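Presented below is the structure to which this report refers.
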Amino acid sequence: MSRKSRPYLFYSTTSSVCTTCLRPVEAKILIKQNKVYMDKWCPVHGTERVLMSDDADYYRLCREVYVKPPEMPERFNTSMR
Ligand SMILES: [Zn+2]
């Protein structure tokens, strides 16, 4: 019995804060029935699901078009002699 049905599409992870204690938590972004949810997990308050968008296509378009991949880190504090 290894077959698991996943009723949602896992999209990515991000960092967020618990809305109860404002602790930084890891959040998973899920797409389910064309809605985008963020699942947060706080060690104190447990799982919290937040609706981010009710149009998954629009959300993905925004992410993929407007969010640039990270570029070179600005690191100038390495001493070079
Ligand atoms: Zn919390």
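In the range 39-51, the qualifying residues are those that are part of a strand (DSSP E or B) and hydrophobic (A, V, I, L, M, F, W, C), and the one that is farthest from the ligand (Cβ to nearest atom) is Leu51.
Number of residues in the range 39-81 that are at pLDDT below 85 and surrounded by 12 or more Cβ atoms within 10 Å (Cβ to Cβ): the value is 2. Within the range 15-27, take every residue that is out of contact with any Lys or Arg (no Cβ under 8 Å at 6 or more places or on another chain) and in a strand (DSSP E or B) and give me the one that is nearest to the ligand (Cβ to nearest atom). In this case the residue turns out to be Pro24. Taking the range 28-38 as the range and being in a strand (DSSP E or B) and either touching a Pro at 6+ places or on another chain (Cβ under 9 Å) or loosely packed, with under 13 Cβ neighbours inside 10 Å (or both) as the test, only Lys32 passes.
Hey, any hits in the range 3-18 for a residue that's modelled with pLDDT of 85 or more and touching a Cys at 6+ places or on another chain (Cβ under 7 Å)? The answer is yes, given that some residue of the range 3-18 is modelled with pLDDT of 85 or more and touching a Cys at 6+ places or on another chain (Cβ under 7 Å).
The values are calculated or read from the model by the stated rules, or taken from the named source; none is laboratory data. What you are looking at is a predicted structure, and each value in this text was computed from that prediction instead of being measured. With ideal geometry, Cβ positions are generated from the backbone for all residues, glycine too; neighbour counts draw on all protein chains shown.
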